[in-house]
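Working notes for the structure below.
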Amino acid sequence: MTTDAPSSTSDSPWPVRVVSQKIGAWIGKLGWIWVDGQVAQITRRPGTNTVFLTLRDPSADLSLTVTTNRDVVDLGAPGLTDGARIVVHARPEFYAARGSLSLRADEIRQVGLGELLARLEQLKKLLAAEGLFDRARKRRLPFLPSKVGLITGRASAAERDVLTNARRRWPTVDFRVINVAVQGTSAVPQIIDALAVLDRDETVDVIVLARGGGSTEDLLPFSDEALCRAVFACRTPVVSAVGHETDVPLVDFVADVRASTPTDAAKRVVPDLADEFRLIGQAKQRLDRAMAGLLDREQHRLDAIRSRPVFARPLSLVEHRASDVTQLRDRATRSLGHRLDRASTELDHTLARLRTLSPLATLERGYAIVQRPDGAVVRAADEVAPGDELRVRVASSSFTATVSDASEG
């Protein structure tokens, strides 16, 4: 790799040794400090009084080497073992030749249970204030997950309890199991990585963190701040099943559901097939009773309707209406007859008047109608002349006549 040359003398590069010396000088200004961490490894070299400790930050993948005297360890933390939580009074040292940072301790204190619980209580208050324990954000577990993610120790009793009890309850339940360290310095990063893997798996509907019982120190990884925040950030619902019922690590407060034991977790993540069949049977019985009750009520209603007179003798209504129709028809017939009789009488009177006024009636009384050949009626003698042929109409017939004298007389 090449870089541009410095533009001026003041920008000239520093030699590596100068940089190391300056870093060492800056670190030396820190002086003596107290450092809190977890022992990842203890190395006691035979024949020397020097003890090397690898001190790890429980919340981050970071460690430092601590060099101290055997007497310091035996005095401040007798019986110190891997995984213990300690506080060291040390001075940071930077080795310029190797470019490495370490601590030289002159006092070591093993964190007691009381002090450890006090720190956990302080962390609990901090996480609660940030809303990590808020009940409103906790999600309900799916009724029947398509796949259950399980994070637990390899070949552990907790794994066996969860798998056995879950499959006893629902034989076809599918698991994706990731085995991790559940105590010690590597537990927290492994559990966080497993959470991330399962949370990215779209087929996993719920994640179970399971571990058997142990001392407060053994369960310490499940109260780690980084793990609590990782559980809080999960999109998938998380069930915490750590320790026994009396054990309450901080992850229990962050998880969506807290199970008292791994066996309890198995009961919470999947339903009991036998219980579901029993509930279905009870529901079927209730449905049968409801349907039977409904049918009985409807049958009673139908019987009540059929017992009514109109349905007991269906033709009675028709007969009653037929009688009404007959009466109405008779009334109409009588009314029409009366009207026809009155009309006939009126017609007879009119005919009589017409006959009285008819020319034929006049002819029957001896009168005649004289018409010229063109059909015109002769009303006066001067309308004809001698020799004219006339048609004379009488009551029963008509005949012709010839005018012999047309004088008026």
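The values are calculated or read from the model by the stated rules, or taken from the named source; none is laboratory data. Keep in mind it's a predicted model, so treat the numbers as computed, not measured. Every residue, glycine among them, receives a Cβ derived from its backbone with ideal geometry; neighbour counts consider all protein chains shown. SASA here: full protein model, heavy atoms, side chains in, ligands and nucleic acids out. Shrake-Rupley method; radii C 1.70, N 1.55, O 1.52, S 1.80 Å.
Do the conditions hold for L328, that is, is it in a helix (DSSP H, G or I) and under 28 Å from R393 (Cβ atoms)? Break it down stepwise before answering.
Numbers: in a helix (DSSP H, G or I): yes; under 28 Å from R393 (Cβ atoms): no.
Spelling it out, it is not the case that L328 is in a helix (DSSP H, G or I) and under 28 Å from R393 (Cβ atoms).
What number goes with the only condition from (1) more than 26 Å from L116 (Cβ to Cβ); (2) open to solvent by 10 Å² or more (accessible area, probe 1.4 Å); (3) of a type outside the set (S, T, N, Q); (4) in contact with a helix residue (DSSP H, G or I) (Cβ under 9 Å, 6 or more places away or on another chain) that A233 does not pass?
In the conditions (1) more than 26 Å from L116 (Cβ to Cβ); (2) open to solvent by 10 Å² or more (accessible area, probe 1.4 Å); (3) of a type outside the set (S, T, N, Q); (4) in contact with a helix residue (DSSP H, G or I) (Cβ under 9 Å, 6 or more places away or on another chain), A233 misses (1) alone.
Looking at region 186-245 only, could you name the residues that are part of a helix (DSSP H, G or I) and hydroxyl-bearing (S, T, Y)? Steps first, answer last, please.
Keep residues of region 186-245 that are part of a helix (DSSP H, G or I), which gives 187-200, 220-223, 225-233.
The one that is part of a helix (DSSP H, G or I) and hydroxyl-bearing (S, T, Y): S223.
Give the residues of region 361-398 that are within 30 Å of L351 (Cα to Cα) and in a strand (DSSP E or B), sorted by residue number.
If we filter region 361-398 for residues that are within 30 Å of L351 (Cα to Cα), which is where we start, we get 361-371, 375-379, 391-398.
I369, V370, Q371, V377, R391, V392, R393, S398, listed by residue number.
Looking at region 357-409, which of its residues are in contact with a strand residue (DSSP E or B) (Cβ under 6 Å, 6 or more places away or on another chain) and among the β-branched types (V, I, T)?
Those that are in contact with a strand residue (DSSP E or B) (Cβ under 6 Å, 6 or more places away or on another chain) and among the β-branched types (V, I, T): I369, V370, V377, V378, V392, T400, T402.
If the requirement is being closer than 28 Å to L227 by Cβ, modelled with pLDDT under 80 and open to solvent by less than 80 Å² (accessible area, probe 1.4 Å), which of these qualifies: G99, G112, G24, G37? Break it down into steps so the answer makes sense when it comes.
Working: G99 fails: closer than 28 Å to L227 by Cβ; G24 fails: closer than 28 Å to L227 by Cβ; G37 fails: modelled with pLDDT under 80.
Only one candidate passes the filter, namely G112.
Looking at A312, A380, A376, A361 in this structure, which one is exposed (fewer than 10 other Cβ atoms within 10 Å of the Cβ), in contact with a helix residue (DSSP H, G or I) (Cβ under 9 Å, 6 or more places away or on another chain) and hydrophobic (A, V, I, L, M, F, W, C)? Break it down into steps so the answer makes sense when it comes.
Values: A380 fails: in contact with a helix residue (DSSP H, G or I) (Cβ under 9 Å, 6 or more places away or on another chain); A376 fails: exposed (fewer than 10 other Cβ atoms within 10 Å of the Cβ); A361 fails: exposed (fewer than 10 other Cβ atoms within 10 Å of the Cβ).
Within the list A312, A380, A376, A361, the selection yields A312.
Determine, yes or no, whether L317 is within 30 Å of V378 (Cα to Cα), open to solvent by less than 100 Å² (accessible area, probe 1.4 Å) and in a helix (DSSP H, G or I).
Working: within 30 Å of V378 (Cα to Cα): no; open to solvent by less than 100 Å² (accessible area, probe 1.4 Å): yes; in a helix (DSSP H, G or I): yes.
Considered against the rule, which asks whether it is within 30 Å of V378 (Cα to Cα), open to solvent by less than 100 Å² (accessible area, probe 1.4 Å) and in a helix (DSSP H, G or I), L317 comes out as no.
Conditions tested, residue by residue: (1) open to solvent by less than 30 Å² (accessible area, probe 1.4 Å); (2) of a type in the set (A, V, I, L, M).
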| position | (1), (2) |
| --- | --- |
| A158 | yes, yes |
| T164 | no, no |
| A196 | no, yes |
| E202 | no, no |
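Which of (1) surrounded by fewer than 12 Cβ atoms within 10 Å (Cβ to Cβ); (2) of a type in the set (D, E, K, R); (3) touching a residue at least 60 places away in the same chain (Cβ under 8 Å) does R85 not meet, given it meets every other one?
Answer for R85: the failing condition is (1).
Can you work out which of the residues in region 184-238 that are of a type in the set (K, R) and in contact (Cβ under 8 Å) with a residue 24 or more places away in the chain is nearest to K124 (Cα to Cα)? Walk me through how you get there before you give the answer.
Taking region 184-238 and keeping what is of a type in the set (K, R), we get 200, 211, 229, 235.
The next check asks that each one be in contact (Cβ under 8 Å) with a residue 24 or more places away in the chain; those that pass are 211, 229, 235.
Values: R211: 20, R229: 12, R235: 22 Å.
It comes out as R229.
Tell me, which residue of region 42-56 that is without any contact (Cβ under 8 Å) to a residue 24 or more places away in the chain and open to solvent by 60 Å² or more (accessible area, probe 1.4 Å) is farthest from D224 (Cα to Cα)?
Applying the filter and picking the extreme gives G47.
Which of the residues that make up region 162-185 are closer than 21 Å to P221 by Cα and outside any loop (DSSP other than H, G, I, E, B)? Can you show your working first?
Filtering region 162-185 for residues closer than 21 Å to P221 by Cα gives 162, 177-185.
Matches in region 162-185: V162, V177, I178, N179.
Condition check ((1) assigned to a strand (DSSP E or B); (2) within 34 Å of the chain's Cα centre (by Cα); (3) closer than 24 Å to A226 by Cα) across all residues:
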residue: R104; (1), (2), (3): yes, no, no
residue: E107; (1), (2), (3): yes, no, no
residue: L120; (1), (2), (3): no, no, yes
residue: A128; (1), (2), (3): no, yes, yes
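Show the residue pairs that are 6+ apart or on different chains and have beta-carbon atoms under 7 Å apart, the first residue being within region 117-131 and at pLDDT 85 or above, the second being in a loop (DSSP other than H, G, I, E, B) and open to solvent by less than 50 Å² (accessible area, probe 1.4 Å).
L127/F133
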